[in-house]
Amino acid sequence: MERTSIRLGGVALNSSVMNASGPHSAERGEIFELSARHNGAIVFKSCNIAGLEAPENLKNRGVEHFAGIARELGGRGKPVIASVAGATEDEIVTVAATLDRAGVKIVELNLADDYVQKTVAPFASLERLKALIGRVRGAIAAAVAVKVPPRMDYEPRAIADLLKALGVKIAVCANDLPKDLEIDLTTGMVKGPARTLSQTHAFFQVGEGLLEVVAVGGVNSGRDAYIAHLTGARAVGVGSALIKEGAGALGRIDRELDELLAAHGKASINEIIGTSGFSG
Ligand SMILES: Cc1cc2nc3c(=O)[nH]c(=O)nc-3n(C[C@H](O)[C@H](O)[C@H](O)COP(=O)(O)O)c2cc1C
């Protein structure tokens with residue numbers, strides 16, 4: 001839908017709504033079903049070189065499985081975002097380079113997962129993080145996205161500045177808005193004093209226009225997506241709703257978001273990204 005189309009990391013997408021890495025995005029059949037039923041980007045489940053049987057949340061068939069699917073989807077003009085995991089820096093670089101050669105448009109480094117945090121420990125120091133992302137950046141042509149852990153020992157600004165300096169275009173952040181948030185969709189005004197509302201909001205603010213944020217977590221409706229956009233998201237990732245509802249969830253959320261944009265007189269998502277304010 002025209003109103004919900006955006007550019008992410010320089011890549012034109014027909015919708016700001018996409019699947020989150022993992023749910024409905026590991027097996028060939030489910031990926032092609034998603035691709036057929038929604039005209040936005042496809043995000044692959046995180047993969048490593050050889051595949052994993054455990055932990056459950058990183059169970060995958062290995063990078064060649066995803067590279068093959070990426071080549072097929074790319075041939076049909078479908079924008080693909082591939083997600084990378086690994087137990088060593090070398091493995092992460094190899095997986096990223098393999099997916100890049102297969103034509104994916106955006107390579108997402110899943111640095112949020114416990115498995116990666118316990119093995120590679122990318123956040124052990126800022127120097128370590130810089131070295132890892134810098135190596136990936138140098139090895140691939142695709143835009144780089146980084147999925148950041150919901151909790152870190154660093155201020156968002158320290159991470160955002162590092163990502164910006166390394167030419168990372170996209171931060172995938174938690175959409176961890178407070179449950180009792182009161183927001184007026186017409187004005188974008190949030191009840192209460194100025195504050196940081198979510199990790200998405202924090203990274204949008206410190207990104208200063210140089211970092212695009214994909215909000216993941218709790219996006220189950222067009223309204224959830226609209227609020228994520230108001231608080232800084234350029235795109236949204238849908239996980240649990242896909243598990244509950246199947247592939248149709250993305251189209252439904254996209255339609256609901258489009259209707260809300262129309263109802264509020266907006267011609268494009270671009271008019272609302274990060275425009276929330278506080279009523280004091
Ligand atoms: C079954 C399952 C598998 C997941 N696998 C991955 C994964 O491989 N890589 C990743 O970055 N996130 C993974 N996630 C996390 C999701 O991308 C997303 O961040 C999370 O589900 C929150 O969004 P939701 O509230 O819409 O479910 C997984 C989540 C679930 C439920």
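The set of residues in the stretch 206-227 being in contact with a Gly (Cβ under 7 Å, 6 or more places away or on another chain) and in a helix (DSSP H, G or I) consists of ASP224 alone. The lone criterion from (1) of a type outside the set (Ser, Thr, Tyr); (2) under 21 Å from the mean Cα position of the chain (by Cα); (3) within 22 Å of GLY10 (Cβ to Cβ) left unmet by ARG76 is number (2).
In this structure, is VAL95 under 16 Å from VAL168 (Cα atoms), within 13 Å of the ligand (Cβ to nearest atom) and crowded, with 20+ Cβ neighbours inside 10 Å? Considered against the rule, which asks whether it is under 16 Å from VAL168 (Cα atoms), within 13 Å of the ligand (Cβ to nearest atom) and crowded, with 20+ Cβ neighbours inside 10 Å, VAL95 comes out as no. Taken as a whole, the stretch 228-249 holds at least one residue that is away from the ligand (no atom under 16 Å from the Cβ), touching a Gly at 6+ places or on another chain (Cβ under 7 Å) and closer than 24 Å to VAL80 by Cα.
Only one of the numbered conditions (1) part of a helix (DSSP H, G or I); (2) touching a helix residue (DSSP H, G or I) at 6+ places or on another chain (Cβ under 8 Å); (3) within 13 Å of the ligand (Cβ to nearest atom); (4) polar (S, T, N, Q) is not met by GLN117, and that is (2). Taken together, the residues in the stretch 167-199 that are in a loop (DSSP other than H, G, I, E, B), out of contact with any Asp or Glu (no Cβ under 6 Å at 6 or more places or on another chain) and either closer than 20 Å to VAL116 by Cα or within 16 Å of the ligand (Cβ to nearest atom) (or both) amount to 7.
What number of residues in the stretch 245-257 are surrounded by fewer than 21 Cβ atoms within 10 Å (Cβ to Cβ) and in a helix (DSSP H, G or I)? Matching residues across the stretch 245-257 total 6.
For the structure I just gave you, tell me whether LYS164 is under 20 Å from ASP114 (Cα atoms), away from the ligand (no atom under 16 Å from the Cβ) and part of a helix (DSSP H, G or I). When the stated conditions are applied, LYS164 does not pass them. Of all residues in the stretch 66-81, at least one satisfies being assigned to a loop (DSSP other than H, G, I, E, B), touching a helix residue (DSSP H, G or I) at 6+ places or on another chain (Cβ under 7 Å) and more than 25 Å from GLY218 (Cα to Cα).
Could you pull out the residue among THR275, THR231, THR196 that is buried (at least 20 other Cβ atoms within 10 Å of the Cβ), of a type in the set (Val, Ile, Thr) and closer than 17 Å to ASN175 by Cα? Criteria check complete, one pass: THR231. Going through (1) in a loop (DSSP other than H, G, I, E, B); (2) touching a residue at least 60 places away in the same chain (Cβ under 8 Å) one by one, GLU30 falls short only on (1).
Values in this text are rule-based calculations from the coordinates and carry no lab data. These numbers come from a predicted model, not from an experiment. Glycine also receives a Cβ, built like all others from the backbone with ideal geometry; neighbour counts cover every protein chain displayed.
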